[in-house]
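Engineer: Sharing a structure with you now.
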Amino acid sequence: RGMATLERWLSYDAEADSYNRGRPGYPPRLINECIEQAGLETGARILEIGCGTGQATRSFARLGFHLVCLEPGPNLAKIARKNLHPYPRVTLREERFEDWPPEPESFDLVLAATSIHHVANEVRYIKSAKALKAGGFIAILGNHPGADEPEFRKELDRAYEKWWGQEMSRMYAKQTLE
């Protein structure tokens, strides 16, 4: 399962420019809710699993949080470095969460913004929990395009099938609607 997950993750890396242009960000209301629920204060430390090109990262970085971002895709990481350059409190590490040497009890929040499904089941939650300070939180955010708009969802499914094939399209549809 781990290699299939890595291969799927790296398929995004092959299309990093398109991903950067087309991947939706996260609404400020969701980010604020996450911060409020976790009780984060300015300067809190966040570990982000799979930052992509920084869609969620920027929202937290703008608010003064310290982020350690893990991104295994070299092309995604390159764009993320450019996008996150204005934020000196962001550190980007080009590696998988599975390979990251843990920093026990170091983070106030572990963040996975539309990325947790790429991490091997046997480490995703256990390793996240070990990285958290006492009372820390894990936040799993996601974009589920078209979930509340059936006609738009049908259009998305047709586009995914055209570009990714029927099997991948069905797998993505299942994941995004769960």
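The values are calculated or read from the model by the stated rules, or taken from the named source; none is laboratory data. Please read these numbers as outputs of a predicted model, since none were measured by experiment. Side chains are part of the model used for accessible areas, which takes the heavy atoms of the whole protein and leaves out ligands, DNA and RNA. Shrake-Rupley method; radii C 1.70, N 1.55, O 1.52, S 1.80 Å.
Engineer: Working with all protein chains in place, sort 127, 133 by solvent-accessible area computed with a 1.4 Å probe, largest first.
Structural biologist: 133, 127
Engineer: Let me ask something additional. Whenever you get a sec, line up 33, 48, 41 from highest to lowest accessible area (probe 1.4 Å, protein heavy atoms).
Structural biologist: 41, 33, 48
Engineer: Separate question: Could you tell me the largest-minus-smallest coordinate of the C-alpha atoms of region 31-141 on each of the three principal axes, in descending order and whole angstroms?
Structural biologist: 33, 31, 21
Engineer: Tell me, what is the 1.4 Å probe accessible area of residue 57, in Å² to the nearest 10?
Structural biologist: Around 0 Å² of this residue is reachable by solvent.
Engineer: Then there is this: Determine the alpha carbon to alpha carbon distance for each of 130/162; 127/162; 130/154; 78/130 and list only those over 30 Å.
Structural biologist: Values: 130/162 41 Å; 127/162 37 Å; 130/154 40 Å; 78/130 28 Å.
Violating the 30 Å Cα-Cα cut-off are 130/162; 127/162; 130/154.
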